[in-house]
Amino acid sequence: MSSNRKLIPPYLQRGLLVFIVFLMGISVARFFVTMHKQEERIEVLEAQVEQLLADTTRLRIPPYATSERNYSQRSNTYNHSYRRNSYNRNRHVSTTSKQESSSIGILPQTSDKSSTTHDSTYDSRAAQTAARHSSMPEERPRKFTEAHLFDINIIDSLTLIRIPGIAERTASVILKYRQRYGGFYNPWQLQEFLTWDAAKDYMEEWCTVWFTADASRLRLIHINAATVSELQRHPYISHEQAVEIVRYRTRHKQIESIVEFQQLSTFSAEQIQQILPYLAFK
């Protein structure tokens, strides 16, 4: 046994140990990345469910009714009307039952005692109903019926949920990504994270009729002072790109302009166009 142990050099043993530790580190990193992706998927699914619930119950449409939604870009007006289909209901059930009972010779009998009991029961039920309605939470804010342009960088959640097609969960997702991005320079950035079908149906309407973006409100990234961790917090900058920015900045003291920033190999032309409004070089 001692001769077999001597066959493995010490440097190979150390190398094997380092390799095992490296594999364990990769496994742990992949685990955390998978957990983060699962959380994002759960948020998307919750937003889809909330969106569907809001589309079906936001205005409490009576049964047998159909909705019509249209908007005009020229007049900047928004119409949301409902057309009720014709349907028949039997509203005289009690009258019919009385007629049938009288036709077979059965007449209703009433007494003072029964009427008094019925009145007292009715009063108690009415009081319980009133107390229940008084304790119920307030109704959801009504949706806008006319179009208004809102700055997406300063709009609050209460105003967001009044816009047609936006539920509470969708509003919270928009505000969350607005904080992560540092604001939006174009409303069409919403389609980068609102990817479910219900949101896609409203996307053109949101970006052309309801939302505008003031680029002066963006939270800028100071490219010559930010650390790697600060750079990679932005959704448009990966860890590899953040490391390259810091290395280039260390080698050349600073990045002076967008022309010099374009020399970074890890950024494509499309990615540079995305991140450019958020960069500050001085």
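None of the figures in this text is laboratory data; all of them are computed from the coordinates on show. In this text, all values refer to a predicted model and were calculated from it rather than measured experimentally.
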Too long for a 27 Å Cα-Cα cut-off, among Lys200/Lys282; Lys143/Lys176; Lys37/Lys253; Lys37/Lys143, are Lys200/Lys282; Lys37/Lys253; Lys37/Lys143
Per principal axis, largest first, the Cα atoms of the range 221-280 extend in Å by 25, 24, 19
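Which of rounded, prolate, oblate describes the range 148-225, given a ≥ b ≥ c as roots of the alpha-carbon gyration tensor eigenvalues and a/c under 1.5 marking rounded, otherwise prolate only if a/b is larger than b/c?
prolate
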Non-local residues with an amide H under 5 Å from the amide H of Thr212, with H modelled 1.01 Å from N and Pro and chain starts lacking one, are Phe150, Asp151, Ile152
